[in-house]
Amino acid sequence: MKAIRFMDPGVIEYSEIPQPEIRDDEVLAQIAYAGFCATDIELLTGEMIHIKNGNTKYPIIPGHEWSGTVVAVGKNVRDFKVGDRVTSDVSLGCGECENCRQGHYNLCPNREGVGSYRNRQGVFAQYVAIPQRHLYHIPEGLSLEEAALAEPAATAMYAVTKAQIPAGAQVLVIGDGPIGQLAAQLANIAGASRVIMAGSWDEKLAIARECGIHETINYHNEDVIQRARELTEGGPEIVIETSGSNVALNMAVQALKPTGRVVAVSWYNGANVDVAMNTLIVKDAALIGSLASPNSFTPVLRYMVEGKLKVKPLITHIKRLEDFQNVIEMIRAKKEMRIKILFQP
C-alpha cells in the first residue's frame, strides 16, 4: 500500500510499504478520508512530546482522524463486517486494565495512539488495522467526508463534557481551528445561552457565526479579556482553551468569571506552563485538563447525522495524499485560510 512516513525530523517519504496484517480482534479498513491535525506537524518537526520522551520513534506513519470501509475482519470480530463504514478512537486501550474497565482507556498504561504514541500505524495510508472495541459505525445519511471529522469532534465533545456547562451559561472558546469551532457548536448544543469565539482569522470567525456562534472576537483587533467581559457582563462562566498558546491560557484565566471553569484541550509549549494560579485561587475557579476523546464518538456522530453539529463548512481543502509535501508548504506559509484539510489516499 502507499503511505506517508516521517523518516526523521522534517523528512517526508511517500512510498509503497506492506499492508498491515490484522489480529483476531481487529478489522482492516480502507481509508476514504484522513484529516490533517496540528499534532502531525509536531510529529514532523520532532517537537511532539511523544518524540521527545522516546515513546514514539522515527519512522512513523502519522494521521489519526479518518473514515473508511471495512475490507477484512479477524476471526473474533462480531460487530463489524466487510462493507461497513467506520471510524475509530485515537487512544487504543488494552481493554483489560482498571482504567479501561472504567472507560478511561485514554489513560490506559498500555495504550497505543493511532499515528503517534508507541508507533501505532496512522491513517495517512491506504489501509489501517484497528481493534473492533475502538471502532464506530458511521450512521446512514452521514458522508465519509463529514465522518472524517468525528475524532476532532469527539475531542471537543470530551472537553465540553468536562466543562459541565450549566444551563444558560455564557461560554468563551479561544481558538478558531477545528477543535475550537467544534467545541463552540457543542457548547451551544449543551445548553449555553451565549457562546463567544476568540480567534485570529476573520474568515474562520465568519464560518463560526454561520454555524450558530453568537459573538466572535478577532484578537488582532480587540482585547479578548475586556471584550469577553463586556459581552458576558463580568466574564464567562466557562472558558474552553483550544489554541495551545501559553498566552491564551492565561487570557482564559483572566477573562473567567469567579467560580468558573477553564478547560484546556491542547498541548502547550515547554515542559511547564506559567498559569496565573493566584488569580484562579482568588476567583475560586477551576483549571481542568482534557485528554483525547473517550466515550465521545457516539454522541457526535449522532449530532452530525441529525444536523445539529455542522462539520461540512469546516472542510476547507480536500487533497490527494501524494500532495502531502505541498500541503505542508502551504501550512507553513500561513497565507491561505484553512480549518480542516482532508486527504484521499
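The values are calculated or read from the model by the stated rules, or taken from the named source; none is laboratory data. Treat the numbers as computed from the prediction; the structure is a model and nothing was measured. As a convention, Cβ positions derive from the backbone with ideal geometry for all residues, glycine included, and neighbour counts pool all protein chains shown. We work out accessible area using only protein heavy atoms, side chains counted, and drop any ligands, DNA or RNA first. Shrake-Rupley method; radii C 1.70, N 1.55, O 1.52, S 1.80 Å.
With respect to Ser245, is the statement that it is modelled with pLDDT under 95, out of contact with any helix residue (DSSP H, G or I) (no Cβ under 7 Å at 6 or more places or on another chain) and of a type in the set (Ser, Thr, Tyr) true?
yes
Give me the residue from the stretch 172-219 that is basic (Lys, Arg) and over 12 Å from Ile238 (Cα atoms) and, out of that set, least open to solvent (accessible area, probe 1.4 Å).
Lys204
Could you list, in sequence order, all residues of the stretch 236-288 that are over 21 Å from the mean Cα position of the chain (by Cα) and of a type in the set (Phe, Trp, Tyr)?
Residues satisfying the conditions do not exist here.
Of everything in the stretch 236-276, what is more than 19 Å from Ser293 (Cα to Cα), crowded, with 24+ Cβ neighbours inside 10 Å and hydroxyl-bearing (Ser, Thr, Tyr)? Give them in sequence order.
Correct list: empty.
Could you list, in sequence order, the residues of the stretch 106-119 that are farther than 17 Å from Tyr58 by Cβ, touching a strand residue (DSSP E or B) at 6+ places or on another chain (Cβ under 8 Å) and touching a residue at least 60 places away in the same chain (Cβ under 8 Å)?
Asn106
Give the residue, chosen from Gly68, Gly103, Gly83, Gly93, that is in contact with a strand residue (DSSP E or B) (Cβ under 6 Å, 6 or more places away or on another chain) and either farther than 15 Å from Thr155 by Cα or in contact (Cβ under 8 Å) with a residue 60 or more places away in the chain (or both).
On inspection, the qualifying residue turns out to be Gly68.
So which residues in the stretch 116-133 are farther than 16 Å from Ala32 by Cα and either part of a strand (DSSP E or B) or within 16 Å of the chain's Cα centre (by Cα) (or both)?
The answer is Ser116, Tyr117, Pro131.
Which one of Glu306, Glu322 is among the acidic types (Asp, Glu), touching a residue at least 60 places away in the same chain (Cβ under 8 Å), open to solvent by 30 Å² or more (accessible area, probe 1.4 Å) and out of contact with any Ser or Thr (no Cβ under 9 Å at 6 or more places or on another chain)?
Glu322
Looking at Tyr136 and the list (1) touching a helix residue (DSSP H, G or I) at 6+ places or on another chain (Cβ under 8 Å); (2) in a helix (DSSP H, G or I); (3) within 25 Å of Ile341 (Cα to Cα), which single condition is not satisfied?
The single condition Tyr136 does not satisfy is (2).
Can you tell me which of (1) surrounded by fewer than 15 Cβ atoms within 10 Å (Cβ to Cβ); (2) among the β-branched types (Val, Ile, Thr); (3) in contact (Cβ under 8 Å) with a residue 24 or more places away in the chain is the one Ile281 doesn't meet?
Here Ile281 clears every test but (3).
Just checking, does the stretch 90-106 include any residue being in a loop (DSSP other than H, G, I, E, B), touching a Gly at 6+ places or on another chain (Cβ under 9 Å) and open to solvent by less than 10 Å² (accessible area, probe 1.4 Å)?
No, the stretch 90-106 contains no residue that is in a loop (DSSP other than H, G, I, E, B), touching a Gly at 6+ places or on another chain (Cβ under 9 Å) and open to solvent by less than 10 Å² (accessible area, probe 1.4 Å).
Could you check, for the stretch 12-22, whether at least one of its residues is in contact with a Gly (Cβ under 8 Å, 6 or more places away or on another chain) and closer than 29 Å to Val265 by Cα?
No - not one qualifying residue is present in the stretch 12-22.
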